[in-house]
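Worksheet: the structure to be examined is printed underneath.
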């Protein structure tokens, strides 16, 4: 289902400070109910009660529960994407190894700031326009990472977009495995270091190979 489906779009966006506070409370309550009681019990009645609002207030902003869940997911994805973009902008022109380590740190910090929230939203992402929202966020992050890689001070990356997409999916898959309890305690304890080394080696190998290929092409 497309995120543009009317049933998944908010009725209105908050304009006044009071309205923004209400929407923020509804989003926070949605996460609390979702993490504590699961998707099946995450109803508009429970969400409104947790937020200290009436169900009528909830329906002023969202036509149904799914629209609210889609909005919460979109906000989470936007936050992660913004954190990655900010890190990539700050890293432009730096050595490739520094990029790998700092990108890993920024992504993990954004995804694991609230692990229960990230884990709970996997259930939301599987439906309710989640696939489209995720695709958009990932496309944005790939552009940010690719732009960063293209600016590396010490190497030339021949295909920054492909390299960025592979690196991002390595990070995404690793974090999901962590949140779903599929990692050993030893790996979990050193995940940031391990992923930083993984991306560093991948970036450097790809860049060296690309530089060598360019040299051969000029001969």
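For the range 131-171, the candidate set comprises residues that are touching a helix residue (DSSP H, G or I) at 6+ places or on another chain (Cβ under 7 Å) and not in a helix (DSSP H, G or I); within that set, the residue that is modelled with the lowest pLDDT is 158. Out of curiosity, is residue 101 touching a helix residue (DSSP H, G or I) at 6+ places or on another chain (Cβ under 6 Å) and not in a helix (DSSP H, G or I)? Spelling it out, it is not the case that residue 101 is touching a helix residue (DSSP H, G or I) at 6+ places or on another chain (Cβ under 6 Å) and not in a helix (DSSP H, G or I).
Test of understanding: among 120, 102, which residue is over 11 Å from the mean Cα position of the chain (by Cα), closer than 16 Å to residue 31 by Cα and in the same structural domain as residue 155 (by TED's automatic domain parsing)? Don't jump to the end; show me each part of the working.
Values: 102 fails: closer than 16 Å to residue 31 by Cα.
Every option except 120 fails the conditions.
Of all residues in the range 155-168, those that are farther than 18 Å from residue 104 by Cβ and in contact (Cβ under 8 Å) with a residue 24 or more places away in the chain total 3.
Out of all the residues in the range 82-92, is one or more under 24 Å from the mean Cα position of the chain (by Cα), within 18 Å of residue 160 (Cβ to Cβ), assigned by TED's automatic domain parsing to the domain that holds residue 164 and part of a loop (DSSP other than H, G, I, E, B)? Scanning the range 82-92 turns up at least one residue that is under 24 Å from the mean Cα position of the chain (by Cα), within 18 Å of residue 160 (Cβ to Cβ), assigned by TED's automatic domain parsing to the domain that holds residue 164 and part of a loop (DSSP other than H, G, I, E, B). When residue 81 is tested against the conditions (1) over 19 Å from residue 129 (Cα atoms); (2) touching a helix residue (DSSP H, G or I) at 6+ places or on another chain (Cβ under 6 Å); (3) modelled with pLDDT of 95 or more, the lone failure is (1).
The values are calculated or read from the model by the stated rules, or taken from the named source; none is laboratory data. Quick caveat, the model's predicted, so the values are computed rather than measured. Positions of Cβ are generated from backbone atoms using ideal geometry, with glycine treated the same way; all protein chains shown enter the neighbour counts.
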